[in-house]
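A quick write-up on the structure given underneath.
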Amino acid sequence: MKMQWSLIAGLLFALLTAVFAVINVDPVDVNLLFGMVHVPLILLIIGCTLIGGIIVGSYGIYRQYQMQKEIKSLAGQLIHIQEVTGYTPDLTEEAETASQDQENIPQ
């Protein structure tokens, strides 16, 4: 459900950006430190939006990679601790407790 809301929010943002960009078609001067460029404002808005999306997407991929790496490390530590201590969790009791907890939640 969260993914659907994210998609809807993304589409609304894209629509608003497109409308805003189409309204602003006047040429503007952009200083790039090494020279001036005359660009239509619509291209500047869309380009900045794409660059922002790439940056946010790259950061999301980086964070996901970090989390997967941490999960693997913690899973390895858990296995090591279980081997050293000889602890083996009784999964049937945990499953029963979880199902009872789900039944007790008011909806």
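Just so it is clear, none of the values below were taken in a lab; they were calculated from the coordinates. As the structure is a prediction and not an experimental result, all values here were calculated from the model. Don't worry about glycine lacking a Cβ; one is built from the backbone with ideal geometry, like all the others, and counts go over all protein chains shown.
Some points to look at:
- Applying a DSSP loop filter and a limit of 16 other Cβ atoms within 10 Å to the chymotrypsin sites (Phe, Trp or Tyr not before Pro) in the stretch 20-94 leaves F34, Y87.
- Bins of 10 Å, starting at 0 and running to the largest distance - Cα pair percent for the stretch 2-87: 14, 25, 22, 16, 11, 7, 5, 0
- A Förster radius of 22 Å, combined with the Cβ-Cβ distance separating R63 from L15, puts the computed FRET efficiency at roughly 0.20.
- Simple rule: put +1 on each Lys or Arg Cβ and -1 on each Asp or Glu Cβ in the chain, find the dipole, and look at V84, S73, V25; the Cα lying farthest toward the positive end is V25.
- For the stretch 2-87, the Cβ-based charge dipole about the Cα centre amounts to some 280 debye (Lys, Arg positive; Asp, Glu negative; other atoms uncharged).
- The relative contact order of the stretch 2-87 comes to 17 percent, based on Cα pairs under 8 Å that sit 6 or more residues apart.
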